[in-house]
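The structure appears right after this line, and notes come after that.
Rule-based calculations on the coordinates, nothing more; no lab input. Values in this document were obtained by computation on a predicted structure and should not be read as measured data. All Cβ positions, even for glycine, are placed from backbone atoms using ideal geometry, and neighbour counts span all protein chains on display.
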Amino acid sequence: MYLVAAVLAALSGLFYAAGHHELGSFGATVCSYGSTFCDNPFMVLVFAGLAGAWGMFVSVR
């Protein structure tokens, strides 16, 4: 689950950069598929936090 949280955190950064037109034509392509996430990348970061919290909750040590 920590891997999922890390991937979602990286995607949040990607959507943030694409939403602020920092990636050039690649950013336009990313925002054409995920326009909701480009407008609000914080939502993906919240999901990453929830996935990390869930990973801590279900981890067995």
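Among VAL30, VAL58, VAL46, which comes first, second and so on when ranked by fewest other beta-carbon atoms within 10 Å? Kindly include the intermediate steps, with their values, before the conclusion.
On the way: VAL30 19, VAL58 8, VAL46 13.
Result, fewest neighbours first: VAL58, VAL46, VAL30.
I need the fraction of alpha carbon pairs in the chain separated by more than 20 Å, rounded to a whole percent. Write down the numbers at each step before the final one.
Details: 569 of 1830 pairs.
The answer is 31 percent, as a whole percent.
Using alpha carbons only, how many degrees (0 to 90, rounded to 10) separate the axis of helix 2-19 from the longest principal axis of the chain?
Tilt of helix 2-19: around 20 degrees.
For the chain, modelled as a Gaussian network with Cα springs under 10 Å, which listed residue fluctuates most, PHE42, PHE26, PHE15?
PHE26
Give me a comma-separated list of calculated 3J(HN,Hα) values for the range 49-56, in order, Karplus coefficients 6.51, -1.76, 1.60 applied at θ = phi - 60°, integers in Hz, x for any Gly or Pro.
Once θ is set to phi - 60°, the couplings for the range 49-56 become x, 5, 5, x, 5, 5, x, 5 Hz.
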